[in-house]
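Take a look at the structure set out below.
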Amino acid sequence: MTDTPIRLLLADDHPVVRAGLRAVLETEDGITVVAEVATAEEAITRAAQGDIDVVLMDLQFGKGLNGAAATAAITARPQAPRVLIVTTYDTDADTVPAIEAGATGYLLKDAPPEDLAAAVRTAARGRTTLAPTVADRLINRLRTPGTALTRRETEVLTLVADGLSNQAIGERLHLTEGTVKSHLARIYAKLDVESRTAAVAAATGLGLIRR
């Protein structure tokens, strides 16, 4: 058993959120906040310095990279710190890319303080903590893989929800317009709908995409 504290990096673009996380976690024995950053790019740079055990990572930053991209960059390095996502978003469009990127855990910002501290300790040991709603969705994806949207299908439908045309979606994702139409056809079949509007409504209601 070691007395070395768990060293944290807080990555969130809202100073009030960082201050709240610091206030909660610094009251905990064996946990110390080493640094704070306001962008995903700063998180990647700071996490590489070798004195961080766990990064508390937001998913959405005002500019530049998002939290999932930063998580992938951080966890790709040898002896990388663990990344614990702490965000307000729990849709498949948010959770799946973050977990695929290498996040060790995924919590929502309304989690009780004791759950946050426990998740930090769990992450430091290399084990996973998931918010209950996130765990439920992931289990449902595994149980019904034929109806779960793939990551690419989720990206396409998210852009549909943003009002982009098939051509614009293709340009954004570097796909042909025909490929976009094929993705939409599969999305309609999985969601049992017949239009773009109905697909967006159904996916939003199921927590697959965020509006």
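Quick notes
- Loop GluC sites (Glu not before Pro), the stretch 13-102 (other Cβ atoms within 10 Å of the site Cβ: 13 or fewer; DSSP): GLU26
- The helix-based estimate of mean residue ellipticity at 222 nm for the chain, built from -39,500 (n - 2.57) per DSSP H run of four or more residues and divided by its residue count, is -15000 deg cm²/dmol to the nearest 500.
- Mean separation of Cα contacts under 8 Å (6+ apart) over length of the chain, as relative contact order %: 15
- Proximity of backbone amide H atoms, modeled 1.01 Å from N, is registered between VAL33 and LEU8 at under 5 Å, excluding neighbours fewer than 5 places apart on the same chain.
- Three-way shape label, the stretch 127-211, alpha-carbon gyration tensor, a/c 1.5: prolate
- Cβ-placed point charges (K, R +1; D, E -1), dipole of the chain about Cα centre in debye, nearest 20: 620
- Shape of the stretch 69-171, Cα gyration tensor, a/c cut at 1.5: prolate
- Top positive-direction residue, dipole computed over the stretch 111-200 with Cβ charges, set ASN166, THR179, ASN140: ASN140
- Net charge over other residues, Cβ less than 11 angstrom from the Cβ of VAL86 (K, R count +1; D, E count -1): -2
- Values [x] 18.5, 59; [y] 20.3, 61; [z] 17.0, 50 are given for comparison; Rg and Dmax of the Cα atoms in Å, derived from the coordinates here, is the one labelled [x].
Every number here is computed from the coordinates shown, using simple stated rules; none is lab data. Predicted model, so just to flag it, every value in this text is computed and none were measured. Neighbour counts run over all protein chains shown; Cβ positions are idealised from the backbone, glycine included.
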